[in-house]
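Derivation of every value follows stated rules applied to the coordinates shown; laboratory data play no part. The model shown is predicted, which means the values in this text are computed figures rather than measured ones. In this analysis, Cβ positions are derived from the backbone assuming ideal geometry, glycine residues included, and neighbour counts consider all displayed protein chains.
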Amino acid sequence: MSLNLRKAIIHNVQGNSQDELRDTIVDAIQGGEEKTLPGLGVLLEVFWQNADPNEQKMVLEKLENSLQQPH
C-alpha cells in the first residue's frame, strides 16, 4: 500500500468521533467490498501503533479465538 493511500485514509477519518469511526468500520464490514480492506488495515495499524502490550494481546487473543471458529 502506498504511503499516499495510507495518508489519505488517515486524513479522511482524522477528527471523527467514536460513533463516526464505528460507522466507518461497520459500513466497511457490512459492505463486504474488497476495496474497503486497505482502510480497515490502516485503522488496525493506527490502533496497533498506539496500543499498549495488554491491548495488543487482547486483540491477538480475540483474533485467534475468532479464527478458530467455523465461519
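Is there a quick way to get the dipole size of the chain? I mean about its Cα centre, with the Cβ of Lys and Arg at +1 and of Asp and Glu at -1; what is the value in debye to the nearest 20?
Working: 6 positive and 11 negative charges, 43 e Å.
About 200 debye.
Only aspartates and glutamates eight or more places from Lys7 in sequence, or on another chain, were considered; those with a Cα closer than 18 Å are Glu45.
Could you tell me whether the stretch 19-71 comes out rounded, prolate or oblate from its Cα gyration tensor? Rule is a ≥ b ≥ c as square roots of the eigenvalues, rounded for a/c under 1.5, then prolate if a/b exceeds b/c, otherwise oblate. It comes out oblate by the Cα gyration axes. How would the stretch 1-42 be classified by its alpha-carbon gyration tensor: rounded, prolate or oblate, with rounded meaning a/c under 1.5 and the a/b versus b/c comparison settling the rest? Oblate.
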